[in-house]
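Here is the structure we will look at.
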Amino acid sequence: AVAQQENIVLGIEIHEACADQAVIVARHLACWNASVVPWFPAVVMSTNTTEGTLTVVYGWDSSPAARWNNETFIPAAEAEFCPGLADQWPQGEPGRGYAYFPECESSVCAVRCLAMTPGSCLQGEEFESGDVCTVQCPEGMNTSTVNLTCDLSAPLEERTAVCEVPTIYCNDLPGYAAYVQYMAAINGSGNGSGAGFNESNESNNTVNESTIIFDPLFMTCVVEATSTTTTTIPPASDEDRFLYGCSELQQFRPGELSTDPQVPPLPVGMPGVQLQSGAYYYEVILEGPWEQVGWVDAEWTAGAEPERDKEHQFFSANGGPGIVGAAVFVRGRGLAEFWFSRDGEWQGGGVVASIPTTEFSPPLSPAALLRGRSTWVLPYSDWTYFPPLVRYKPITQRAYPSACRYPLDYGVFGSPPTCRGVFEQLNSSVECSDAAFHFGLEDWTVTQKEFPGWPGGCFYCSICDLSGNLYLNNATDIREQEIGFDGQTNLFEYTANQTLAVCRRRDPSRTVTVTTTTATDIVKVTLMPPLYSRFAVGVCGIGYVPITSHAECEAVATELGLPDTTARNVTLGGDGSLIYWPPGCFHCGMCDAGSLFLNINNGSWDFDVQEGDAVPAEPLCRATPEILTTGVPTTTVLITSTTTTPGEEVETTIIFYETTVETTTVMQVIDVMGLVVCEDPYEEVVTLNWWERIEVILGGVAGIILCCCCPCCCWFFGVCDFVAYRAELFIESHPRLKNSCCCRAIFRCGRCLWRFCPCLRALAMISPRRSPRGDSPRSGGQIRSGKAIPNP
């Protein structure tokens, strides 16, 4: 029996600015690994509060001619509304993104969490990010999760709690044992009445019918198993080790993949694979930075105790994207050596082990520390590189997927059995079978038909016994229908706890809109011409000759199923005949003397027989050896035969040599990118102030050097003394210039600078250069006109 269920969901309130036809700022899921993850404008087509997603088309306009791609889904927590976006971003080439976020007062489209069912949370119906909802199930139901945390970026399954009626076991109900005994007696006596029970069981000390308790719960309760079977299973050998497909890949602790160096890498591996002896090898294709691949033992805590974990983890060197091979050779109980390679290059040169023989706590399990997506390769035939020695084997030699990507491409969901979160429904029988094999389900054969009431698309049910375990539901209406107790909907209600929806992770390379490409296969079929044939035109066709043997004529008539198989020799036709008669064996349905004849006339048959001429005879002819042994001619030979019946003429066309069959295959190429490109986004153009421009800064520096440093250097090295001496000689030789007002003003300014500028006097004193007159500024005086005068 299946308990009634009710889902308590924390939906996500969408900001009113992100309503339909609003232009928002969002990233594209396919551009997560671009060198610079760009931003794009997108138009909101619809919102989903329960899922917390937006249906958008990228671009500035949602019209079919202007949109950049087809409709796709994005989380509301990863989209923002920016007022005046068109003024912040120049509208450039279609599909090209922007490397910078616009400068505006943006609003995240995901505002808060909402309790979708009134009264389902103890604290109320609205929750800010990080708040906790204490789940309140309807009376008589228990919850699978006590608290739900408002996480605006979490998938739907992490914001959902399941309320269900607790299972009632029949053995706990009073009177159930007597009821079972009573029903068994009725079914065994063949009498449907209670009297029959009492009459036939008076001597069996059974309970009286009047004492039987009829509880409606007897019809829905669950019968507990009372017997226990113990089976001892021997350990599986390496070749027989059974793995549950890619579902073996699991996280060792909760967390998310992140390329942030401050966030620890996520430990992922196969804890269900436990190795205690032997030599094994596997490969992992890494896509993120700073990642490691290797093995962990039974005492590894997945980062809970980092210092202790160092003795129980055996990983390759840290590295970026590439193919990492991990090999282990267990030499004895608790002793193993480890080998690691990256892109075929072995650590240690492939001569010595990367980690020499060391102790471990059995068993060992494959593991990796990841920051990005990864692909795990276990089968021998799919390895890119090979282990250091031939003794290393794959972890399992049973049928296993050629590559397992993590996060997993497929998933199964139950309670309720519907796809949710980032997973979508599978509607293809081929992919349904591939998903079952990929996920390690026991049945890979799909039963495809209509199952009203069951989950839509691909689902797995191990106890349904409809036809196998794996099904593809083609029913157009998969909702519950009011049909009888024996109907499929009711059966689904009683098996839903054993039913799993098989789903595919939503991939950015797929979308709901498809582009159809038609491919044509040409198949040529060569048919062998028949050895004998009957022709209606009076002459043998191309590649055929008349039959001149009496015995062969009768044998051909028998093979062709003619009514007359006794040939009569005749001499007909030839020169002068008014009616054309074919040579050799022929059939004449209008002749009175019979219908099968052998014309032995050896005369000339120079007749021009045209289509439509009245020819009473149909020659029976034999194929020549040439057309039976030569290849197919370049042109198709069509031979037409006509069978006449009263009032009806049937014409049949036979292709003897070649026929062409055209098979059209329709492939769906799903494209979610459209015009969107992840590389070469527009960079931000910044307008600098005039004092921030590089040419102004360089000019200022040059000016300071020229105006300050150069004069000081000239003074320090005596250039000024030389110029002053030459200027003094010039002025002394020109008295009128010396006595001019301009010259006197310059002299007075020089006196003031010398008197009030101590730096100038200090430079003059330490100058190593002397004037050409043999005096130094440090001498304390100058010679003018042959007289010593003090320094002014």
Q. Of the conditions (1) open to solvent by less than 30 Å² (accessible area, probe 1.4 Å); (2) of a type in the set (Gly, Ala, Ser); (3) within 21 Å of LEU389 (Cα to Cα), SER277 fails just one. Which one is it?
A. (1)
Q: Residues being farther than 20 Å from VAL422 by Cα, in contact with a strand residue (DSSP E or B) (Cβ under 9 Å, 6 or more places away or on another chain) and open to solvent by less than 30 Å² (accessible area, probe 1.4 Å): count how many of those fall in the stretch 371-400.
A: 8
Q. What pairs come up if the first residue lies in the stretch 742-763 and is at pLDDT below 75, the second is loosely packed, with under 11 Cβ neighbours inside 10 Å and outside any helix (DSSP H, G or I), and their beta carbons are under 7 Å apart, counting only those six or more places apart or on different chains?
A. TRP754/PRO792
Q. Got a number for residues in the stretch 29-53 being assigned to a loop (DSSP other than H, G, I, E, B), touching a Pro at 6+ places or on another chain (Cβ under 7 Å) and open to solvent by 10 Å² or more (accessible area, probe 1.4 Å)?
A. 1
(Q) Taking the condition of being open to solvent by 10 Å² or more (accessible area, probe 1.4 Å) and touching a residue at least 40 places away in the same chain (Cβ under 8 Å), how many residues in the stretch 456-475 meet it? (A) 1
Q: Counting only residues that are modelled with pLDDT of 80 or more, within 54 Å of the chain's Cα centre (by Cα) and surrounded by 10 or more Cβ atoms within 10 Å (Cβ to Cβ), give me the strands (runs of 3 or more DSSP E) lying completely in the stretch 620-735 with at least 2 of them.
A: 677-682
Q) What number of residues in the stretch 553-568 are open to solvent by 40 Å² or more (accessible area, probe 1.4 Å) and of a type outside the set (Ser, Thr, Tyr)? A) 7
Q) Can you tell me which residue in the stretch 320-359 is surrounded by the most Cβ atoms within 10 Å (Cβ to Cβ), limited to those that are over 14 Å from TYR281 (Cα atoms) and of a type in the set (Lys, Arg)? A) ARG331
(Q) Out of everything in the stretch 280-314 that is of a type in the set (A, V, I, L, M, F, W, C) and more than 16 Å from LEU370 (Cβ to Cβ), what residue ends up being most open to solvent (accessible area, probe 1.4 Å)? (A) ALA304
**Q.** Condition met for ALA317 (out of contact with any Leu (no Cβ under 7 Å at 6 or more places or on another chain), open to solvent by less than 40 Å² (accessible area, probe 1.4 Å), at pLDDT 90 or above and aliphatic (A, V, I, L, M))
**A.** no
**Q.** Sole residue being outside any loop (DSSP other than H, G, I, E, B), in contact with a Ser or Thr (Cβ under 7 Å, 6 or more places away or on another chain), of a type outside the set (Gly, Ala, Ser) and farther than 17 Å from THR357 by Cβ, chosen from VAL268, VAL284
**A.** VAL284
Q) Taking interchain pairs and intrachain pairs at least six residues apart, which have beta carbon atoms under 9 angstrom, with the first residue in the stretch 548-570 and of a type in the set (D, E, K, R) and the second crowded, with 16+ Cβ neighbours inside 10 Å and not in a strand (DSSP E or B)? A) GLU554/THR565; GLU554/ALA567; ASP564/ALA557; ASP564/SER595
Q | The lone exception for ALA65 - which of (1) open to solvent by 60 Å² or more (accessible area, probe 1.4 Å); (2) in contact with a strand residue (DSSP E or B) (Cβ under 9 Å, 6 or more places away or on another chain); (3) part of a loop (DSSP other than H, G, I, E, B) it fails | A | (2)
Q. Pick from ARG405, ARG420: which is open to solvent by 40 Å² or more (accessible area, probe 1.4 Å) and over 15 Å from the mean Cα position of the chain (by Cα)?
A. ARG420
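The values are calculated or read from the model by the stated rules, or taken from the named source; none is laboratory data. Bear in mind the structure is a predicted one, so any value in this text is a computation, not a measurement. FYI the Cβ positions are ideal-geometry reconstructions off the backbone, even for glycines, and counts take in every protein chain you see. What goes into the accessible areas is simple: the full protein's heavy atoms, side chains included, and nothing from ligands, DNA or RNA. Shrake-Rupley method; radii C 1.70, N 1.55, O 1.52, S 1.80 Å.
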